[in-house]
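Here the structure comes first, spelled out in structure tokens, and everything after it is commentary.
The values are calculated or read from the model by the stated rules, or taken from the named source; none is laboratory data. As the structure is a computational prediction, the values presented were derived from the model and not from experiment. Cβ atoms come from the backbone with ideal geometry, glycine included; neighbour counts cover every protein chain shown. With ligands, DNA and RNA removed, areas are computed over all heavy atoms of the protein, side chains included. Shrake-Rupley method; radii C 1.70, N 1.55, O 1.52, S 1.80 Å.
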Amino acid sequence: QVQLVESGGGLVQAGGSLRLSCAASESTFGIYAMGWYRQAPGKQRELVATFTRGGNTNYADSAKGRFTISRDIAKNTVSLQMNSLKPEDTAVYYCRAVSVNFEVWGQGTLVTVSS
């Protein structure tokens, strides 16, 4: 089964940028959805941005205009460029991949945005 490893989290000031990366342990062939979710303290996990069937993208309203999801199929990676970060973006960010046969999550990477 595919394993996902996230990287790129850290501490940044409000208005700054971070780039998260999610590396799959093997080919993402057969995965029809892959993207990013986040969970802030005391809140439910929520969608940030994801690729869906056919290569389309879906963004949360809070991410539109500030975050950009991209992928490198040859390297089995999905990245999230986050600009104009706000304190409310502080959360653990998780990568998720879904195929016909499985759903897998990464271990998460912490993003902290200071005001």
_Would you calculate the convex hull of the Cα atoms in region 1-82 and tell me its volume per residue in Å³?_
112 Å³
*Set the Förster radius R0 to 41 Å, insert the Cβ-Cβ distance between E26 and E88 as r into 1/(1 + (r/R0)^6), and round the FRET efficiency to 0.05.*
0.70
*So if R0 is 35 Å, what FRET efficiency would S99 and L11 give, r being the distance between their Cβ atoms, rounded to the nearest 0.05?*
0.55
*Compute from the Cα atoms of region 65-114 the Rg and the Dmax, the latter being the longest Cα-Cα distance, and quote both in angstrom.*
13.0, 40
*Whole number in Å², please: accessible area per residue of the chain, 1.4 Å probe, ligands, DNA and RNA not counted.*
54 Å²
*Where the accessible area of region 1-92 is counted over protein heavy atoms with a 1.4 Å probe, how much of it, in %, is carbon and sulfur?*
47 percent
_Sequence of D61, D89 from largest to smallest accessible area, 1.4 Å probe_ = D61, D89
